[in-house]
1. Which number in (1) at pLDDT 90 or above; (2) more than 20 Å from residue 69 (Cβ to Cβ) marks the one condition that residue 236 misses?
2. Being among the charged types (D, E, K, R) and either in contact with a Leu (Cβ under 8 Å, 6 or more places away or on another chain) or free of Cβ contacts under 8 Å to residues at least 60 places away in the same chain (or both) narrows it down to one residue among 86, 42; which is it?
3. Can you pull out every residue in the stretch 6-40 that is modelled with pLDDT of 80 or more and of a type in the set (Ser, Thr, Tyr)?
4. Here's a check for you: in the stretch 41-78, which residue that is more than 25 Å from residue 209 (Cβ to Cβ) and among the charged types (D, E, K, R) is nearest to the chain's Cα centre (by Cα)?
5. What is the one condition in (1) in contact with a helix residue (DSSP H, G or I) (Cβ under 9 Å, 6 or more places away or on another chain); (2) free of Cβ contacts under 8 Å to residues at least 24 places away in the same chain that residue 189 does not satisfy?
6. Residue 117 versus (1) within 19 Å of residue 249 (Cα to Cα); (2) surrounded by fewer than 20 Cβ atoms within 10 Å (Cβ to Cβ): which is the lone unmet condition?
7. Which residues, taken from the stretch 171-180, are small (Gly, Ala, Ser) and buried (at least 23 other Cβ atoms within 10 Å of the Cβ)?
8. Could you list, in sequence order, all residues of the stretch 93-135 that are of a type in the set (D, E, K, R) and either in contact with a Lys or Arg (Cβ under 6 Å, 6 or more places away or on another chain) or assigned to a loop (DSSP other than H, G, I, E, B) (or both)?
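The values are calculated or read from the model by the stated rules, or taken from the named source; none is laboratory data. Being a predicted model, the structure only gives us computed values, none of them experimental. Counting neighbours? That spans all protein chains shown, and the Cβs are built from the backbone with ideal geometry, glycine included.
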Amino acid sequence: MNPIPWTYVRAELSREPLAALGLGAGLFGAISILGTIWAIPRLPEGVLTVLSLSLAVEGLPALVLVNTLLAVWFVAYFVGAVVVIRAIPAPRAENGLDILLVKPVPPAVFVWSRILPALGLCVAVGLALSVTQVVGMVGLFDAQLSAAGALGAGLTAVAVAVAQLGALTALTARTTELAGALGVAIAVFMAPLTPTSVFIYRPDLFPAEGVGRTLLVAPTNLIVHSQVIAWAWPLVMLAGLGLAALGLAWAARRVVEG
């Protein structure tokens, strides 16, 4: 077994302007979250009622949180997706990946070194935005929704985003068009939200006590089970990282076959 060339790994890890990407994404996400926290309580009562019924959440704190969770999830995923697309699909689309792959490093080292920054950036930005939403919601929490539950829900959404980045890496390892990679990135993000879109129009398909609503209607389900998620989110994060690792391992096998 060849030793891992750590000099190359460090060079790849520092290749992307992670600080600038993270700062820009974090600023955008924080403004979106704080703006949402400010705006939703000021909506007319009728609008709040319709939103609560369509999203199946009760109480103003839960209604605010379901919207800020979407911002955390969206920003954490797409800031990582930018790095993933720039790592492999973009060089392949520009006919430059073959040159990169002739470096004297195993494909697995190449893939992991290029994708790990995406996972780290996703987690870092997601953590910052999860804390931002908790701080912004101080004064809104009640007996049904605690600050710990809100933080756990945010970090659970980040764990899902990490797993999605692993899937994106695997699905785009042999993509030859940049537009195709962008389309896959959007599809991967939207896939877990598709049942929620169906639920909004056909709630009868998801019984209140059924497994479907518990597992598929995201991120509403994170709020419903926030008391459990408050302590269980580290397990979900480990699961997300494990799934991401599987995606990277799969991509390492496919990247040299393009």
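1. (2)
2. 42
3. Of everything in the stretch 6-40, those that are modelled with pLDDT of 80 or more and of a type in the set (Ser, Thr, Tyr) turn out to be 32, 36.
4. Once the filter is applied, the top-ranked residue is 42.
5. (2)
6. Unmet for residue 117, out of (1) within 19 Å of residue 249 (Cα to Cα); (2) surrounded by fewer than 20 Cβ atoms within 10 Å (Cβ to Cβ): (2).
7. Let us first name the residues in the stretch 171-180 that are small (Gly, Ala, Ser), namely 173, 179-180.
Listed by number, the list holds a single entry, 173.
8. Result: 94, 103.
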